[in-house]
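The values are calculated or read from the model by the stated rules, or taken from the named source; none is laboratory data. Since this is a predicted model, take the numbers as computed values, not measurements. Because the Cβ atoms are built from the backbone with ideal geometry, glycine has one as well, and the counts that use them run over all protein chains shown. Keep in mind that these areas ignore ligands, DNA and RNA; they rest on the heavy atoms of the full protein, side chains included. Shrake-Rupley method; radii C 1.70, N 1.55, O 1.52, S 1.80 Å.
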Amino acid sequence: MRRGLALILLFFVNLYASLDIGGYYNKEIEILRSLDIDPSFVTNRYYINIKKEYEKYKKRHFFNTQSKSFIYIPTIKRLMSEARVPQVFLFMAMAESNFSLHAKSHKKAVGLWQFIPQTAKKYGLRIDEYVDERKDPVKSTKAAIRYLQDLYAKFGRWYLAALAYNSGEGRVARAIKKAKTKKLEVLIDPKKRYLPKESRRYIRKIIALALMGNDENYFLKDDFDYILNRGSAYSLAVVKVRGGDVLSDIAESIKIKESILRELNAHLKYGFVPPYVKEYDIYIPYIKLADFKDNYRPTDKKRAYIVYRVKRGDSLVKIARKYDISYKVIKDFNKLKSNILRVNQTLIIPVPKKSKIVYKVKKGDTLLSISKRYGISVSKLKKLNEKKDNMIRVGERLVIIN
């Protein structure tokens, strides 16, 4: 009797396992087809090696489920779906940057989608004194989608678009011409070397990550299913604010930490919105949208920033050095048409009040001269820097809080 029950149980376990394997096999085929890769590639030795790489990624716990960056995933998925770009390219962002807005390569590629300056500007991303929109999670994703669509239109295969994204259109075109085929297994052949090793590994990595993202046994265990498929409550909301608004004010109004708001808006180089626009889009957690609508007020510039009165001998460059910012920023903030200043002229210096300034001591400086420059007492300056006497040395860094 017991033996009979055991055999029945074993039958159902094996049946479930075979169904699970069959289901996963179908997902593998689906991933390949979404990239326009022939399903027969599943039996190719290169594909088998890819699966081995995928096992290595699992062991390294490649998905950091605690990362704040995963808040971008629902937005990326939605934008791809609207543009009819395969969802597998979500894993291209992971391959490029592991969803980090701050990712930077030795080739000067920056952001979620690793744009170099030339390509970024071609696809409408702004890089200037105030912003680097390669770090903008929404605008950079839209730019990457347009770039991928252009590459697909040129090469006619999504896997070729991915390869061209990594190694360049010209290199992929030359590889196809030399190989006399568009077949993936030929182009990534390590002996033929039609493409650089980095590019051959790149497409393999995308497929490996996609396989991991579709492995229910893995991602359910690590909450990755929740991360990939969570709803809009955990995604971004786009809101309009005024030019020059301070992020700390906005963060306070929606009751979140300033550091979180700055991370979501990593494309802003300073703690404020560019002053050259009337309105500007920033990102907040979707769950804070109601707080924003109820509590947002444009920043009072004179209250939020340092107000400086021009003295004899001052220049924009001199004042800018004092506060460790670009003179162009002061010029833009005050809508100055020239660099000429007049004595007693009032300037708004976009350095938040009560902010910390680190001053590097120069030849001829004294605690008294530095304290007068920044409008604080010598005793406060000594206390901030834990000094028992008035001795300072050239190159020393002093903390100053206005």
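Couple of notes before you dig in:
- Candidate set: the range 184-202, residues that are over 10 Å from residue 46 (Cβ atoms) and in contact (Cβ under 8 Å) with a residue 12 or more places away in the chain; chosen: the one surrounded by the most Cβ atoms within 10 Å (Cβ to Cβ): 195
- Listed by first and then second residue, the pairs with beta-carbon distance under 8 Å, at least 6 apart or on different chains, first residue in the range 313-328 and of a type in the set (Val, Ile, Thr), second open to solvent by 50 Å² or more (accessible area, probe 1.4 Å) and in a helix (DSSP H, G or I), are 317/327; 319/327.
- Count - residues of the range 147-174 that are surrounded by fewer than 22 Cβ atoms within 10 Å (Cβ to Cβ) and among the aromatic types (Phe, Trp, Tyr): 4
- Here the range 51-90 is the region considered, the condition is being modelled with pLDDT under 85 and among the small types (Gly, Ala, Ser), and the residue that is farthest from residue 112 (Cα to Cα) is 67.
- In summary, strands (runs of 3 or more DSSP E) completely within the range 267-357 and bearing 2 or more residues that are closer than 30 Å to residue 397 by Cα, open to solvent by less than 80 Å² (accessible area, probe 1.4 Å) and modelled with pLDDT of 90 or more occur at 346-352.
- Residues in the range 377-396 that are charged (D, E, K, R), surrounded by fewer than 10 Cβ atoms within 10 Å (Cβ to Cβ) and within 17 Å of residue 357 (Cα to Cα): 386 alone.
- The set of residues in the range 93-107 being under 18 Å from residue 147 (Cα atoms) and either touching a Lys or Arg at 6+ places or on another chain (Cβ under 7 Å) or at pLDDT 90 or above (or both) consists of 95 alone.
- Cβ-Cβ under 6 Å pairs, at least 6 apart or on other chains, the range 378-402 side more than 26 Å from residue 303 (Cβ to Cβ), far side hydroxyl-bearing (Ser, Thr, Tyr) and outside any loop (DSSP other than H, G, I, E, B): 378/371; 398/359
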